[in-house]
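To start, the structure itself, in structure tokens.
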There are 2 protein chains.
Amino acid sequence: MAGDGETAPRVRPLYRGVRETLVRRIAEGVWQPGQALPSEFEIAADLGVSQGTVRKALDELTAERLVVRRQGRGTYVARHDDERILFQFFKLIPDSGERRFPESRVLAVARRAADEAAAGRLGVAAGAGLVEIERVRCVGGTAAIVERITVADALYPGLAERALPNNLYELYAAEFGVTIAAATERLKAVAAGPREAEHLGLAPGTPLLAVDRTATAIDGRIAEWRVSLCRTDGLHYLCELP
Amino acid sequence: MAGDGETAPRVRPLYRGVRETLVRRIAEGVWQPGQALPSEFEIAADLGVSQGTVRKALDELTAERLVVRRQGRGTYVARHDDERILFQFFKLIPDSGERRFPESRVLAVARRAADEAAAGRLGVAAGAGLVEIERVRCVGGTAAIVERITVADALYPGLAERALPNNLYELYAAEFGVTIAAATERLKAVAAGPREAEHLGLAPGTPLLAVDRTATAIDGRIAEWRVSLCRTDGLHYLCELP
DNA sequence: CAGTGGTCTAGACCACATG
DNA sequence: ATGTGGTCTAGACCACTGT
């Protein structure tokens, strides 16, 4: 059943619509991170399509790391646990040895109004309220990263007054319903200024890797702007070109 | 803790075998880059599986960019034309403006025996014959990259005596049957030495982005080792985290 | 028009996890 | 035993491309 012929003109495949519906429900929190979605057949019956069409939509969501499927168990909304962050968003790896989740020490949290640069990066109006977080991160016991994180106040009300955990993306998802889905990083090599040099215990002028990231939530909004200055002695940034 | 790596499935899906067969035939040159594969039904009949199974295998090859499918036309072996190289393998982008394919000027071509470092990177025995290419690349008219390319002599017989085009991967594929399928890049920030500084017209000590790439052919062999030193004023390295 | 890939459906069976 | 996702098949129709 599920007549496919005489309905309205279909420019978009059916499974794309199913995918959008599922994404919307996840974004709205109908199914929370870590919870199971209904089975393929239940979703299919609910939406009036066949199970194969639901599977195709779920295959896409799996590829986008939005859900995790386990044979015999079910389909679960992906969580921003440390391991996922480590593999999807943290690309700075020790030259030899395992990836490790970096420790963080917050230097400062401040609220300010968006200037042109920040407004452009975050997709907000100039003058909008921002929160800026500065912190130092350690990999394997040595200070390796100095970073500044900038977010729109409106997305995370009260963030500036909170205690900030190591894994911010988990906080965004759990407390503010903002699920980071993807990011774009732009890298440059720069010379350490006196401030970075002091925090990292390096001579000023030492080459650092500057990573400029904008992160996007599953609803498409820009959810964070982050600039990280990283030492790369004993560490490197890993990028796979598939 | 530490979710252990999942072992290989006990039974290999049929479409995986179809995929391997197709990859093997492409690697052997049964179908040349740019040429069309047989239709899904022909492949299915040939291999004794259903068309849906062939489709699943071809979907994977499409995702890996090994083939290109065009509705109504057919399925084609992907070519290493400039555009594909530009988007898949060249990540250094002008800060504002279009991606452009860089011009190359070869500085030197030399043959030497593999030391420990090169042997480890290329997966050959120490002492094996190598070819080393050094060149300068220009993006938008200004010298931006100094790079050294190292390959095993055995894979590309006579390479050192050839004229070297801008797009080496196309040469590898067309003349030596080596199709680059993927690469891993490791990035560090380093200070320009006197040699790089001169070629790029910069002061020694200027921070440069060091990109250390190993490229893998579709048969899994390591096909190239390349170290590129890049200026990042007006340029940046773009990395999407999906 | 015929041939191609793209979508959608329906049903069967398998592998895995849980009770 | 039951329910889940994973694989495989078979067939139908649609959309696009070329002749």
Spin-label proximity, residue A:100 to segment A:209-242 - amide N less than 15 Å from point 7 Å beyond Cα toward beta carbon: A:233-236
How do the peptides B:91-99, A:183-191, B:212-220 rank, highest first, by the average count of neighbouring beta carbon atoms within 10 Å per residue? A:183-191, B:212-220, B:91-99
Can you list the HN-Hα couplings for segment A:77-85, worked out from phi with the Karplus curve (6.51, -1.76, 1.60; θ = phi - 60°), rounded to whole Hz and with x for Gly and Pro? 5, 5, 10, 8, 6, 4, 5, 5, 4
Accessible area expressed per residue, chain B, with surrounding protein chains retained (probe 1.4 Å, Å²): 50 Å²
For every other residue with a beta carbon closer than 10 angstrom to the beta carbon of residue A:66, add +1 if it is Lys or Arg and -1 if Asp or Glu, then tell me the sum. 0
What's the total accessible area buried between chains B and A, using a 1.4 Å probe, rounded to the nearest 100 Å²? 2500 Å²
Distance from segment A:88-147 to segment B:34-81 (C-alpha centre basis), Å: 44 Å
Got a number for carbon plus sulfur as a percent of segment A:12-135's accessible area, 1.4 Å probe? 48 percent
Once you sort the root eigenvalues of the Cα gyration tensor of segment A:1-150 as a ≥ b ≥ c, which label holds: rounded (a/c under 1.5), prolate (a/b larger than b/c) or oblate (the other case)? oblate
Suppose the chain between residue A:30 and residue A:117 were pulled fully straight at 0.36 nm per residue; how much longer would it get relative to their current alpha carbon spacing? 27.8 nm
Spatially near lysine pairs across the protein assembly as shown, Cα under 23 Å, sequence gap of 8 or more or different chains: 7
Ignoring ligands and nucleic acids, what accessible area does residue A:50 show with a 1.4 Å probe (Å², nearest 10)? 70 Å²
Need one value for A:149-159: mean number of C-beta atoms belonging to other chains within 10 Å of its residues' C-beta atoms. 0
Can you give the Rg/Rh ratio of the protein assembly as shown, where Rg is from the C-alpha atoms and Rh is the Kirkwood radius? 0.98
Positive minus negative residues near residue A:211 (Lys, Arg vs Asp, Glu; Cβ under 10 Å): +2
For segment B:207-217, take each phi angle, set θ = phi - 60°, evaluate the Karplus expression 6.51 cos²θ - 1.76 cosθ + 1.60, and give the result in whole Hz per residue in order, putting x for glycine and proline. x, 10, 8, 9, 10, 10, 10, 10, 10, 10, 7
Counting Lys and Arg as +1 and Asp and Glu as -1 over every other residue whose Cβ sits under 14 Å from the Cβ of residue B:163, the net charge comes to 0
Starting from the Cα gyration tensor of segment B:82-237, take the square roots of the eigenvalues, sort them a ≥ b ≥ c, and report rounded, prolate or oblate (rounded when a/c is under 1.5, otherwise prolate if a/b is larger than b/c, else oblate). prolate
Heavy atoms of residue B:230: accessible area, 1.4 Å probe, square angstrom to 10: 10 Å²
With just the Cα atoms defining each centre, how far is segment A:169-211 from segment B:208-242? Give it in Å. 21 Å
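The values are calculated or read from the model by the stated rules, or taken from the named source; none is laboratory data. The structure presented is a predicted model; accordingly, all values stated were derived computationally and were not measured. Because the Cβ atoms are built from the backbone with ideal geometry, glycine has one as well, and the counts that use them run over all protein chains shown. Just so you know, the surface numbers come from the protein's heavy atoms only, side chains and all, with ligands and any DNA or RNA stripped out. Shrake-Rupley method; radii C 1.70, N 1.55, O 1.52, S 1.80 Å.
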